[in-house]
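What follows is a single structure, written as structure tokens, with notes after it.
Each value in this text was obtained by applying a stated rule to the coordinates, not by laboratory testing. All of these numbers come straight from a predicted model, not from anything done at the bench. Neighbour counts are summed over all protein chains in view; Cβ atoms, including those assigned to glycine, are modelled from backbone coordinates with ideal geometry.
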């Protein structure tokens, strides 16, 4: 657990005395993360649970992994099964016990206690058990010991008082030798174990559970107590498969993943535009929710195809359709997945959700992701996983899945089916808070049509459009179109087309008017200019006429002055009126 | 630490018939309890099986592997190897009644 790690880091150097409990890595996938390093070293751990819960396997894996991966040999004291039976049982997990025994990495001692063969005749102790254990430990230099299931001694030996005293001595003995021990115990009525083994093992108690809920079996593990260690207290699903034990979470519990700033196209240019112009963030989780038939799978396929077209690998978990069905259906809207499938860029893992329990799904997905190393992952739809477990289980499983994918930096696309009647902007799984980008597809029913709309409910870390757009599935793919807000809400489909036509008509009207008015202006201007020109010409003509008159008068006046002067010159003495009168007829 | 005698046989029948009763007593070291158990066993055998038995004492401290072979857990343990079937009696054999039941000697004696 990260918190432990932190505290280790923080205090480790300065104060050695506060160093956390030494731990022996169990080698069991997931458990060491959960316990912050493994089981308490040099101490006993009680693993208890009902029949068939996996106690023996847990113990065996602890020993085998210890021997193979951590260089700690082990002794398996079996009280219920013979060495041959054990070897056969775990061979399916790839554990080769005979070879490990031959290589002196493991020692298996079958302790048979048959009540009917035993007659008690006085005082005794269990020194024989100690001797055998001691012998086995020394033979392989064991650091780890398993006692499976020591409780069977209670049914085999007649005197529980002696047994209890001896068990106490045994655990002391094991601790004194610094052996890391796993003790298994059968679940009792109202108690962890039938014989109260928890009384002897006080350091670490792990409870395993195997239950069937609604016909689906789930295995769970809970750390009941772990002295001196912060540990997860939840029930964690686990499973036993061909690789042994796996406990989930498979990834860390902390929020420590990287947040890339690179973007990934959604495969729909218009949507990319709405998502800050670039699409989803790489490594983010995208949820698209909507009622049936709103185009969730199509959006998923578009993303897959678009990622593949960019040379990225895409892993598609389909819980509703087979590969062929998916490919065929997507071709009908112009998305061809075949080439990507053939090139191996796209891998579709189709399975019925109910085929296995949730945790098995999670591990199967984990394995696929680890093997395929995709850049994009699609889970279509997550809602089907509820069929397998309860809501809470599915939620916890999805949380871990998302966490895991995020840590891997995989962009994930989840689709979620919203049942009719449930508020659209509410995911049944309650995982919306874990989602970075949430798109809601809805159906608008009006004018005898069903039309799809798309809204971005949220998109962390980017400016995104608040517009409700119409979402159309055409033969060419997905198209996003503007919607109109009508008196009865958002207009889509034919209503949108009608509105568009109406708008068009209004626009045309304005344009006509504008043209008319412009024409009128020109006309008027022209007319005025023409009038002005006419007036100017008239004026010019008038002026010429007037100027001519002025000139005539001026000339007459000039002539008169000249005549007078000539008269005066000829008469010399004549002056005034006479001269003027005579002067007119020279 | 003195080791207990590995074998204590009924001396007189030694050369004659093989003993019908082959008993093995497992003990851990030379403890008081081991000694009591051996003492009790000898007494019971002398009383009920005179001349027909053989006792072998095994110290598991020295031979831990033998403890595994006979599935010894509690100590001391008396194992009746012969006659078959094998029987196990645990404890220091101080309860003679139960030892006799455990060895099926009650029946044997009543038949005689």
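Overview of results
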| quantity | calculated |
| --- | --- |
| Spherically averaged projected area of the protein assembly as shown from its Cα convex hull (nm²) | 65.8 nm² |
| Degrees separating the helix A:160-176 axis from the principal Cα axis of chain A, which is the longest one | 60 degrees |
| Inverse of mean 1/r across different Cα pairs in the range A:2-247, Kirkwood, Å | 18.6 Å |
| Helix-only mean residue ellipticity at 222 nm for the protein assembly as shown, each DSSP H run of n ≥ 4 adding -39500 (n - 2.57), per residue, nearest 500 | -12500 deg cm²/dmol |
| Cα gyration tensor shape of the range A:263-484, rounded if a/c is under 1.5, else prolate or oblate by comparing a/b with b/c | rounded |
| Proxy reagent accessibility, fewest Cβ within 10 Å first, across A:245, A:319 | A:319, A:245 |
| Cβ crowding within 10 Å averaged over residues, with B:44-51, A:289-296, A:398-405 ranked highest first | A:398-405, A:289-296, B:44-51 |
| Neighbour-count ranking [beta-carbon atoms within 10 angstrom, fewest first] of A:210, A:464, A:361 | A:210, A:464, A:361 |
| Ordering of A:269-279, A:34-44, A:68-78 by burial proxy (mean other Cβ atoms within 10 Å per residue, highest first) | A:34-44, A:68-78, A:269-279 |
| Average other protein chain Cβ within 10 Å of Cβ, residues B:35-43 | 1 |
| Proxy reagent accessibility, fewest Cβ within 10 Å first, across A:23, A:138 | A:138, A:23 |
| Neighbouring partner chain Cβ atoms per residue of B:73-85, average, 10 Å criterion | 5 |
| Crossing angle, helix A:358-372 versus chain A [Cα axis fit, 0-90 degrees, rounded to tens] | 70 degrees |
| Test item: A:436-445 mean partner chain Cβ contacts at 10 Å | 0 |
| Tilt relative to chain A, helix A:127-140 - C-alpha long axis, 0 to 90 degrees, to 10 | 50 degrees |
